[in-house]
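First up is the structure itself, then whatever we jot down about it.
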Amino acid sequence: MIQRVQSVYLLLAFVIVGTMFIFPLGAFLGGIEHFRLTLFGLSNGAGVVVEHTVFMAILATASALLPVVTIFLYKKRLLQIRLCRVGMILLAVLQLAVCFYLWRTARSMAGFTPNAFVLSVAAAAPAIAFILVWFAMRGVARDEAKVRSIDRIR
């Protein structure tokens, strides 16, 4: 199961989405104050969460766990293809949610004028994982095509 290249792609997608739990998505830097946007909320410099983003945390958890579940269903290739499609949809929604929360946070800071906005690599993690899951889906489809062609010969 792990020797298949699509399993490696799915494992990499899990690791990349998992980095979103560790690193902040972006930071708004001001004179004295600064805010960080993570999967779990917008926090100020003291670490106090100003706004919760539970929706993103739930999406990221589902998007991280689905590739791991898909790896272990290696005998059910058609189900793997379906789960890859569902995973791609979840990753696309997660990327849109990240963009929405970054945009909304930037617009809602009324009394705070940020001098700089720092976007983290973790903000692009869903897009990178989307490509990896797409590669994995193509690999599973190729395996299924091989199996069907061999069954036709018998």
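Laboratory data are not the source of any read-out in this text; all were calculated from the coordinates shown. Computed from a predicted model, the values in this text were never measured in an experiment. Reconstructed Cβ throughout: ideal geometry from the backbone, glycine too, with neighbour counts over all protein chains shown.
Some notes on this structure:
- Scope region 49-70; condition buried (at least 20 other Cβ atoms within 10 Å of the Cβ) and under 13 Å from PHE14 (Cβ atoms); matching residues: ALA60, SER63, ALA64, LEU66, PRO67, THR70
- Considering region 68-83, and only residues there that are touching a residue at least 60 places away in the same chain (Cβ under 8 Å) and not hydroxyl-bearing (Ser, Thr, Tyr), the residue that is nearest to ILE131 (Cα to Cα) turns out to be ILE81.
- Close contacts from region 127-154, counting a first residue that is without any contact (Cβ under 8 Å) to a residue 40 or more places away in the chain and a second that is part of a helix (DSSP H, G or I), with Cβ to Cβ under 6 Å and a gap of 6+ residues or different chains, come to ALA127/GLN95.
- Residue within region 27-39 that is within 19 Å of VAL121 (Cβ to Cβ), exposed (fewer than 15 other Cβ atoms within 10 Å of the Cβ) and in contact (Cβ under 8 Å) with a residue 12 or more places away in the chain present: yes
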